[in-house]
Structure formats: C-alpha cells, structure tokens
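The values are calculated or read from the model by the stated rules, or taken from the named source; none is laboratory data. From a predicted model like this one, the values you see are computed outputs, not experimental measurements. All Cβ positions, glycine included, derive from the backbone under ideal geometry; neighbour counts span all protein chains shown. What goes into the accessible areas is simple: the full protein's heavy atoms, side chains included, and nothing from ligands, DNA or RNA. Shrake-Rupley method; radii C 1.70, N 1.55, O 1.52, S 1.80 Å.
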Amino acid sequence: MAHALGAPAAPAILRNAELDADAVRQARIDLAACFRMAARLGLHEGICNHFSFVVPGRDDLFLVNPYGWAFSEITASRLLVCDFHGNVIAGEGVPEATAFFIHARVHLNKPRAKAAFHTHMPNATALAMLEGPPLVWAGQSALKFYGRTLVDEEYGGLALDEKEGDRIAASIGDADIVFMKNHGVMVVGGSIAEAWDDLYYLERAAEVQRMAMATGRTLKPVPPELAARTYAQMREGDRDSARLHLDSIKRILSREEPEFMH
Ligand SMILES: [Zn+2]
C-alpha cells in the first residue's frame, strides 16, 4: 500500500547556523505530539499517512515522518527534514513516496499551508466514500468547517508523481480541509496547532454524523445563515483554542510517554 521514495541523495548536513534552532526544535516536538495523539485516537493507518510542516525560517524545507515507522513510534528527532526535490537533508530514512509527492507540492504551491496533515482516519474517510457532500451542516462541531472544505472528486490511485500533489494544491483554493474522495482527508493550516485542532474536530464531526446517519432517520441541517453565524463565532477564538489544545496534548504526553520529545 505504501511505497518508499526512491534512493535518497547523499544526506547533506543541515547547518544549524542557518536555522533558528529553538523554533525548529519546538516544531519537531509539536509535530511529534500530534503523531502520538493521533495514534492514541485511532487516526493512524499502520505505517502509512503523513504529517508535514515547513521548517521555521526555511520555506524550501519541510519536516515529515520517515517511511516504515508507525505514528506511535515517532519522536521529535526521528522526523526527517526534506527539500522539495526529494532529498533528505537531515534524519535517517526516507519519506513515503506519496508523502513526498503530495506534501512537497502542497507546501510549494500553497505557502499559507505551513502544516499539511494527511490521514485515512476512519470516520472522515467513511464520509469521503459516499456520493455527494461528505460533511453536512447538521452538528455544531461540523460548523467549524463551514465554507472551509473542498471535495476532491478525482481519485486517481496512488500519488506516485508530482501531478497528484499539484492537482490537489491547485484545487485547494481557500479551503483548509480537502475530502479526497475514495481515499481520505488532507488538512492544511498556518500552524501545527491549527492543523491538529482541525484534524481532531473533523474526525469528531464525522463520527457523530455517521452515528446520526446510522439511525436511518433524516438529519436536520442548520439553516445556512445560522451556520455561517455560528461558524464566525467559533472561528473567533480558534487560533488560541488550537494552541491550548496542543498544549494540553503535550502535557498529557509528557506525563505518559515523554520519549516523544526525544
Ligand atoms: Zn493516503
């Protein structure tokens, strides 16, 4: 199901002097925390799926998980630094091929997408397998995503070249959430905390929607004007709330599996 990217170029040493070492270290810890909590919540998929983040201060490099490791095994230092040409600049191993092809092109083509999280998390993916709009505006949690989703109807098999990533990047527009039909989801954000917060609540919104649909009864949508108003209310505090959400996760993990920070 997953493919490793072809033989990497000889790893170059990343000169720390070029980077804000504290910012990069913090980004590694934050991203590792997301992998660990995603695994705990069942949002992972074996050794597939990927979270990436543009290296602070270096728009030509991104952090991503190495192929062959489960989310629950990721630590801050195990994350790779890659460039947009397929070279591993720091770290041991290579990214999964689709991780490189999709994420590199999304970061490159959409500079606002500093973080890009791709999963096959079961509830959101189940909705991506249905005809028609995946998420409906019937639950409050869903309204966080009102007007922010894009549905990519063009499933094209595994993304093993740049075209799939380019197509996704081109279609994203202003959306932060891409439902990839027949496949999974991609969440993009300006920060790791915001991408995490969206990923988490997207799966929760999808979960309750599935439960409601499973009753066989008709869902009661929130009227568009009220949905838009509620969305605006929710988005007002979203950035702070996302930061607090990630802080909470890091506190829990530092008590219960502190090795994620290594
Ligand atoms: Zn995938």
Please arrange 108, 150 by accessible surface area, largest first, computed with a 1.4 Å probe and ligands excluded. 108, 150
Could you run the Karplus curve 6.51 cos²θ - 1.76 cosθ + 1.60 with θ = phi - 60° over segment 119-135 and give me ³J(HN,Hα) per residue in whole Hz, x for Gly and Pro? 9, 10, 4, x, 6, 5, 5, 4, 5, 6, 9, 9, 5, x, x, x, 9
Quick one: accessible surface of residue 241, probe radius 1.4 Å, all protein chains present, in square angstrom to the nearest 10. 50 Å²
Per-residue [θ]222 nm for the chain (sum of -39500 (n - 2.57) over DSSP H runs n ≥ 4, rounded to 500): -12500 deg cm²/dmol
Can you list which of the GluC sites (Glu not before Pro) found in segment 75-147 are DSSP loop residues with at most 11 other C-beta atoms within 10 Å? 92, 131
Determine, for segment 16-256, the count of lysine pairs separated by eight or more sequence positions (or lying on different chains) whose alpha-carbon distance falls under 21 Å. 8
By the gyration tensor of its Cα atoms, with a ≥ b ≥ c the square roots of the eigenvalues, what is the shape of segment 41-174: rounded for a/c under 1.5, prolate for a/b over b/c, or oblate? prolate
If I model a spin label at residue 212 and residue 182 as a point 7 Å from the Cα along the Cα→Cβ vector, what separation in nanometres do I get? 2.8 nm
Global form of segment 31-110, assessed from the alpha-carbon gyration tensor, a/c cut-off 1.5: prolate
Among trypsin sites (Lys or Arg not before Pro) in segment 207-250, those in a DSSP loop whose Cβ has at most 15 other Cβ atoms within 10 Å are 217
Low-density loop GluC sites (Glu not before Pro), segment 160-244, at most 16 other Cβ within 10 Å, DSSP non-H/G/I/E/B, are none
Under-5 Å amide H pairs with residue 51, H placed in peptide plane, nonlocal only: 65, 118
Just how far, in whole angstrom, is segment 196-239 from segment 124-174 if you go by their alpha carbon centroids? 15 Å
Kirkwood Rh over alpha-carbon pairs of segment 16-256, then Stokes-Einstein at 37 °C and 0.692 mPa s: what D in µm² s⁻¹, rounded to an integer? 181 µm²/s
Fully extended contour minus Cα-Cα distance, from residue 247 to residue 85, at 0.36 nm per residue: 55.0 nm
Label model pair residue 69, residue 233: point-to-point distance (7 angstrom along the Cα→beta-carbon line) in nm is 4.3 nm
Zone of residue 161 (label point 7 Å along Cα→Cβ, backbone N under 20 Å): which residues in segment 57-97? 84-87, 96-97
Using θ = phi - 60° and the Karplus form 6.51 cos²θ - 1.76 cosθ + 1.60, what ³J(HN,Hα) does each residue of segment 177-191 get, whole Hz, x for Gly and Pro? 10, 10, 7, 8, 4, 6, 9, x, 9, 10, 10, 10, x, x, 8
Distance in nm between residue 259 and residue 20 label points, each 7 Å along Cα→Cβ, equals 3.2 nm
